[in-house]
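Enquirer: Just dropping this structure here.
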Amino acid sequence: MSESGGPTQTAWSLVSRARLRVLVALALFALGLCLGRGLSVGAWVWLSVALGLCAAGALSRGWCWRVVMGLAVVCAGAGWMQARVFEQSRNGLGALLRLQGQARALVTVEGTVLGTPRTIVPPQGPLAFGFLSEARTRLDVVVDTLVEAEGSRGACGKLWVRVGQRRGLVTARAGDRVRLTGWLEAVDAPLNPGEEDLRSYAAQEGFAGSLALSGPELLAPAATHAGLFVRARSEWLGWRASLEDRARDILTRAAGREGPGRALLLGLVLGDYDPASREVRDAFARQGLAHVLSISGFHLSVMALLTLSVLRFSGDRGWVEPVVVACAVLLYVCIVPASSPIVRSAAMVLAIMAAEASGRRYDRLTLLAWIAMGLLVWRPLDLWNVGFQLSLGLTSALFWLGPVFHARLWGVRIEGLVRREVRVAEVAVDWLKQGVSTALMCWLLAAPLVMCRFGIISPLAIAATVLVTPLIVVVLWIGYGSLLVGLVVPGAADAAGFVLQRLTGWAVRSVQLFDSVAWSALRVPVVSGWWAGAATLVVIYWCRWGHRRDWRAWSASAVVAGWLTWQCVFSGGLHRGTALRIDTLAVGNGTCHLLRSGNEGALWDCGPMAGVGAGGAPPLVRAVRELGAWQTPTVFITHPDLDHFGGLLDVVEPLGVQRVVTCPRFLKQAAEQPDGPAAFMARELARRGVEVRAAHAGAVFSIGDATLTLLSPPPDAAWPLDNDHSLVGLWAVAGHAQAMLLTGDVQDDAIAALARANP
């Protein structure tokens, strides 16, 4: 039953009880998932206890029944987490490596290609690091057969496959059954703080590991006969891939050949993002518009509204309307990559459409809670996913708080008995008010979680959302229409290309304009999840009940503000008794140390870290924040080798870098090689207002209670190797006998000079 339908008091009490039941069940199931993740107890133990509790519940009544069944839900959640994520199939490919006790094994497998293979191009530009020396083809394969010397046997699991392109291109397509021979590697454990544990994610998604092939000749058509199910799956995957490729071709032609608007359009409609558009994506994220760039409930809501509006032109069609909308959503899901946010959003829309088509009264918030329960059964680890939390949380808030907050912000319009014509200007003002109230409420509710997880707050996000969202909606409507027409009449969508290019260009420039304003994105210290939860509850109270004379609201706000101030003052500080701490981060072949003393921190070298951090944040920034630091105003770059400074530009803005100290050889190389990486880095740092200073032996720096004394290189060093010119620093704390020497990559000449000067 919908709140807006004006239910009677009795009906409202029924709604409240239904909400309470599902919310308690959801909370208990989530608690069970947490226990299943934290306690190494077998799934069969948890599920057996759950069954026993259900049997006991059948003999209970009243509160005893409620307690017993609640415990059963907790145990069922814990058992499901263990069974779904942490317990592997005995036939799984991951078990092969565990049985052999090896990090990798040479295997031959057969399976079905899941999607269109993608080419991964090596990074370009002055800071291209060369870890990836050649282009590779990336594809996912679901394995059904393991080929061994004794014969073939069944196997299960998916593999991330990488194929080198040096000797040719991969010709396989989605749905093809192939035989692959390569090195099977298990999923690695996380190496840095804040890094996602891909082992759990891979287990949930059914991936056993990765398979590396040196060339396409090791990928051939499968030799064994496939069963009926495998053949049907191949046909489905092939049809879906052809539809996806056709849609991409249509939108690519409409988007034009180049420009940030092209990448934005492909990302908005198809979820196909160009790595070269990273700066645009970062700007959207800093302005609180990250949800616009990844296909989510926002995009599917726009599609549903467009489909519904077109249907309404022909009159009120009753149950036909939600059915047609659901079909449109299903077709769209077949076109775009089936990532978790897309499937999650589609499940929400389809469930709501099914409820609408049934013709029965229902409560949207109760239905959403059951949808959340189903999504957690499907993907238990989503409970810790910030996208899941914001998507379900903000949608629930819109259902529950949206009308109330809008009325409290703008007042309730008094409807008279005299009917009059509503002017277009009044409708536009109503839409603007609705947009402002929605953006303000969502920003207030999301801000604590965003501060906790990403360390950023965007004061201009409300204005950016109100201005940019209408442009994005129009782009999506035209894009969806072009896609639909283009699927039937190829080339007909080209006519919309000019309008789409202009609109996407305006959207990108608008966001970049907001991003260029001072204080448009503020970096905040590390705050705890407990604070974020408390702050969110206070915001909910203000939105629903609070008023300017409410002493409870002001008291709770004061407590939360004081708590935040305390965390900001002491954020990054070391535990009592720790004078100097060093954390060494894994950055591949490079080097990066985080040094902290007192409340200050610094980086010693800043090698590039592979991958993408949570929420799009650079992984190095995520690791530093996870360790408790949030600013490193000083960065020491020991010498001009990319493995020691390739990640510096990623951390300048997020970590508040103000000064870079390096060796004289760095600046000399920048002057002698204007097209080299050192010169590029020096120019970029100057453009961002970062001071670059050369230092040599004898220079002294203070970081908190610690003192750094440089021992090398000497001012007159003329050694041929860059490594010998590395900064060598002695870190010490007054009153402590211990000292720490960091040496960069010094070799024979520098070591000999150091030994003579410091016997």
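The values are calculated or read from the model by the stated rules, or taken from the named source; none is laboratory data. Small disclaimer: the values here were computed from a predicted structure and weren't measured. No Cβ is skipped: glycine too gets one built from the backbone with ideal geometry, and neighbour counts run over all protein chains shown. Please note that ligands, DNA and RNA were not included when accessible areas were found on the heavy atoms of the full protein model with its side chains. Shrake-Rupley method; radii C 1.70, N 1.55, O 1.52, S 1.80 Å.
Enquirer: Normalise the Debye intensity by I(0) for the stretch 678-759, one equal point scatterer per Cα, no solvent, then take log10 at q = 0.12, 0.14, 0.23, 0.24 Å⁻¹ and round to two decimals.
Expert: -0.43, -0.58, -1.11, -1.15
Enquirer: Let me ask you something else. If one takes the longest principal axis of the Cα atoms in the chain, at what angle in degrees, from 0 to 90 and to the nearest 10, does the Cα axis of helix 748-757 lie?
Expert: 70 degrees
Enquirer: Okay, moving on. Which peptide among 279-288, 518-527, 61-70 comes first, and what is the full order, when sorted by highest mean count of other Cβ atoms within 10 Å? Can you show the working numbers first?
Expert: On the way: 279-288: 22.1, 518-527: 15.8, 61-70: 13.0.
Ranked by mean Cβ neighbours within 10 Å, highest first: 279-288, 518-527, 61-70.
Enquirer: Hey, what did the chain get for relative contact order, percent, Cα under 8 Å, at least 6 apart?
Expert: On the way: 1242 pairs, mean separation 69.2, N = 759.
For the chain, the relative contact order is 9 percent.
Enquirer: Ranked highest first by the average count of other Cβ atoms within 10 Å around their residues, in what order do 638-645, 38-45, 588-595, 553-560 fall?
Expert: Details: 638-645: 24.6, 38-45: 12.9, 588-595: 20.0, 553-560: 14.5.
Highest-to-lowest ranking by the protection proxy: 638-645, 588-595, 553-560, 38-45.
Enquirer: If you take all C-alpha pairs in the chain, what percent of them are over 54 Å apart? Let's see the in-between values first.
Expert: Values: 47117 of 287661 pairs.
For the chain, the share of Cα pairs beyond 54 Å comes to 16 percent.
Enquirer: Which angle between 0 and 90 degrees, to the nearest 10, do you get for helix 677-687 versus the longest principal axis of the chain when only C-alpha atoms count?
Expert: Between the helix axis and the principal axis of the chain, the angle is about 60 degrees.
Enquirer: What's the FRET efficiency of residue 169 with residue 212 using the Cβ-Cβ distance as r and R₀ = 25 Å, to the nearest 0.05?
Expert: On the way: r = 17 Å, r/R0 = 0.68.
Step by step, r from the Cβ atoms, then E = 0.90.
Enquirer: Further question on the same structure: For a quick check of your reading of the filter: which trypsin sites (Lys or Arg not before Pro) in the stretch 532-607 sit in a DSSP loop and have no more than 13 other Cβ atoms within 10 Å? Let's see the in-between values first.
Expert: On the way: sites: 544, 548, 549, 552, 576, 581, 596; in loops: 548, 549, 576.
When the trypsin sites (Lys or Arg not before Pro) of the stretch 532-607 are filtered for loop state and at most 13 Cβ neighbours within 10 Å, 548, 549, 576 remain.
Enquirer: Note down the nm distance, to one decimal, between modelled labels 7 Å out along Cα→Cβ at residue 409 and at residue 510.
Expert: 1.7 nm
Enquirer: If the convex hull of the alpha-carbon atoms of the stretch 551-651 is projected onto planes in all directions, what is the mean projected area in square nanometres? The partial results should precede the final answer.
Expert: Details: hull surface 32.2 nm².
Spelled out: convex hull of the Cα atoms, projected over all directions, averaged, 8.1 nm².
Enquirer: When DSSP assigns beta bridges and you keep just the ones with both residues in the chain, what percent turn out antiparallel, to the nearest 5? Numbers along the way, then the final one.
Expert: Details: 61 of 79 bridges.
In the chain, approximately 75 percent of DSSP beta bridges are antiparallel ones.
Enquirer: A further question follows. Regarding the stretch 697-743, what's the average projected area of the Cα-atom convex hull, expressed in nm²? All intermediate terms of the calculation are to be shown ahead of the outcome.
Expert: Working: hull surface 13.8 nm².
Value for the stretch 697-743: 3.4 nm².
Enquirer: Follow-up question, since we're still on this one. Could you state the angle between the C-alpha long axis of helix 529-544 and the longest principal axis of the C-alpha atoms of the chain, as a value from 0 to 90 degrees rounded to the nearest 10?
Expert: That helix lies at roughly 40 degrees to the long axis.
Enquirer: Counting only DSSP beta bridges with both residues in the stretch 620-759, what percent are antiparallel, rounded to the nearest 5? Spell out each step's value before the answer.
Expert: Details: 14 of 22 bridges.
Antiparallel bridges: around 65 percent, rounded to the nearest 5.
Enquirer: Follow-up. Hand me the GluC sites (Glu not before Pro) from the stretch 396-489 located in a DSSP loop with no more than 16 other Cβ atoms within 10 Å, in residue order please. The partial results should precede the final answer.
Expert: Numbers: sites: 415, 421, 426; in loops: 415, 421.
Those satisfying the criteria are 415, 421.
Enquirer: Here is a further query. Given a 1.4 Å probe, how much area per residue of the chain is accessible, in Å²? All intermediate terms of the calculation are to be shown ahead of the outcome.
Expert: Values: 38440 Å² over 759 residues.
Value returned for the chain: 51 Å² of accessible area per residue.
Enquirer: If I model a spin label at residue 135 and residue 121 as a point 7 Å from the Cα along the Cα→Cβ vector, what separation in nanometres do I get?
Expert: Going from the residue 135 label point to the residue 121 one covers 0.8 nm.
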